[in-house]
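Chemist: Please find one structure pasted underneath; my questions will follow.
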Amino acid sequence: MQLANNAANWPAGKRRMSDTFNGNTIRPLIYDQAEGLRRMTQSRPVRVIAVSSGKGGVGKTNVSVNIAMSLAATGQKVMILDADLGLANIDVLLGLHPKLNISHVLSGDYDLSEIIVDAPGGVKIIPAASGVSGMAGLSDAENAGIINAFGELESELDVLIIDTAAGIDKSVVSFCRASQEVVVVVCDEPASITDAYALIKVLNKEQGINRFRILANMAHDMKEGRELFAKILKVTDRFLDVSLDFLGAVPFDIHLRKAVKKQKAVSQAYPRSPSAQAFNMAAQKINKWPMPKRAGGHLEFFVERLINTN
């Protein structure tokens with residue numbers, strides 16, 4: 001997508017972006033941040049949570065899906081944005097077969113509301129494209145275009161979970177910056193710990209994010225999870241000015257693997273399993289987090305319309 005600005009034609013107080021994606025012109029994206037913020041102060045904002053990890057293979061997407069299901073089971077209205085844009089797999093995990101995805105929004109053919117898929121447990125999914133190389137390396141303007149598209153969404157939500165890609169590329173940074181909470185998933189292996197620290201460092205030093213929630217995955221027990229958290233905390237306390245909070249530990253659980261093969265969330269396939277109980281505990285903690293006083297993280301327009309306006 002190429003960004004073309006024509007400042008002479010902008011409406012007063014607004015910014016206009018006219019872009020192209022794969023050769024197609026995208027509908028101009030116009031937003032008024034001041035008006036969005038005025039509406040936000042009158043309504044309850046959505047809680048926006050980015051779930052990320054320093055490296056792949058730590059179960060980040062499983063965490064996103066199962067926490068979403070656990071939150072929905074408490075009565076929350078939950079949506080997941082699959083933000084691993086080129087290697088999407090939330091639909092695969094849940095046995096869904098969406099015909100449309102976020103690439104159709106970028107091309108301008110569909111609105112964001114038209115690609116939403118209903119998943120089990122009352123959770124809604126915004127699917128990403130899988131195996132589309134162009135989606136894996138979007139520019140800053142293209143990532144902003146996706147974020148801006150949420151201005152069109154009028155769904156009533158309590159929680160938006162963003163399942164980012166692994167690592168520290170620009171899409172991960174953009175989505176974490178646009179969220180109020182960042183959950184970092186880590187497992188007890190040197191590469192995972194090192195890369196989790198690298199992610200936290202980049203988001204802190206370059207984006208000014210100073211609070212992170214740490215979830216230990218595939219731990220043997222809660223003690224091991226807390227020890228893993230302590231390892232990361234020791235390094236961040238020494239080199240960074242950040243606040244870390246222990247969200248919990250999800251045990252290594254054969255039921256979780258069985259649920260993946262069934263293409264179901266473990267909280268639905270095996271609700272009494274140790275991992276399902278761990279996700280429920282994490283959801284209970286999230287429900288106790290203070291509600292944000294404004295609608296977005298560093299990009300307030302991100303959830304401009306994701307509010308209750310009744």
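Chemist: Return yes when ASP82 is of a type in the set (Asp, Glu) and modelled with pLDDT under 75 and no when it is not.
Modeler: Working: of a type in the set (Asp, Glu): yes; modelled with pLDDT under 75: no.
Here the answer is no, as ASP82 does not meet what is asked.
Chemist: Of everything in the range 117-129, what is buried (at least 18 other Cβ atoms within 10 Å of the Cβ) and either in contact with a strand residue (DSSP E or B) (Cβ under 7 Å, 6 or more places away or on another chain) or without any contact (Cβ under 8 Å) to a residue 40 or more places away in the chain (or both)? Give them in sequence order. Write out each step before concluding.
Modeler: Pass one, the range 117-129, residues buried (at least 18 other Cβ atoms within 10 Å of the Cβ): 117, 119, 121, 123-129.
Within the range 117-129, VAL117, ALA119, VAL123, LYS124, ILE125, ILE126, PRO127, ALA128 qualify.
Chemist: Right, another one. Tell me, yes or no, whether the range 96-106 has at least one residue that is β-branched (Val, Ile, Thr), modelled with pLDDT under 85 and outside any loop (DSSP other than H, G, I, E, B). Talk me through it step by step, then tell me what you get.
Modeler: The initial filter retains those residues of the range 96-106 that are β-branched (Val, Ile, Thr), namely 102, 105.
Right, trim to modelled with pLDDT under 85 and you get 102, 105.
Subset that is outside any loop (DSSP other than H, G, I, E, B): 102, 105.
Yes - at least one qualifying residue is present in the range 96-106.
Chemist: Moving on to the next point. Only residues that are under 13 Å from ALA73 (Cα atoms) and either more than 19 Å from the chain's Cα centre (by Cα) or surrounded by fewer than 19 Cβ atoms within 10 Å (Cβ to Cβ) (or both): list them for the range 267-293, please.
Modeler: SER267, GLN268, PRO271, ALA276, GLN277, MET281, GLN284, ASN287
Chemist: Please go through the range 80-94 and pick out each residue that is surrounded by fewer than 24 Cβ atoms within 10 Å (Cβ to Cβ) and hydrophobic (A, V, I, L, M, F, W, C).
Modeler: Hits for the range 80-94 are LEU87, VAL92, LEU93, LEU94.
Chemist: Continuing with the same structure: If you check every pair at least six apart or on different chains, which have Cβ atoms under 8 Å apart with a residue in the range 201-221 that is touching a residue at least 12 places away in the same chain (Cβ under 8 Å) first and a residue that is part of a strand (DSSP E or B) and polar (S, T, N, Q) second?
Modeler: So the pair list comes out as ASN210/SER243; ARG211/SER243; PHE212/SER243.
Chemist: Same structure again: Go through the range 183-211 and report how many residues are touching a Cys at 6+ places or on another chain (Cβ under 8 Å) and either under 15 Å from ASP169 (Cβ atoms) or among the basic types (Lys, Arg) (or both). Before you say what the answer is, go through the steps one by one.
Modeler: So in the range 183-211, the residues touching a Cys at 6+ places or on another chain (Cβ under 8 Å) come out as 203, 207, 209.
Still in the list and also either under 15 Å from ASP169 (Cβ atoms) or among the basic types (Lys, Arg) (or both): 203, 207.
Number of matching residues: 2.
Chemist: Test ILE214 against the criterion of being β-branched (Val, Ile, Thr), in a helix (DSSP H, G or I) and under 27 Å from ALA276 (Cβ atoms), and give yes or no. Step through it out loud before you land on a result.
Modeler: Values: β-branched (Val, Ile, Thr): yes; in a helix (DSSP H, G or I): no; under 27 Å from ALA276 (Cβ atoms): yes.
Judged against the criteria, ILE214 is not a match.
The values are calculated or read from the model by the stated rules, or taken from the named source; none is laboratory data. Quick caveat: nothing in here was measured; it's all calculated off a predicted structure. Counting neighbours? That spans all protein chains shown, and the Cβs are built from the backbone with ideal geometry, glycine included.
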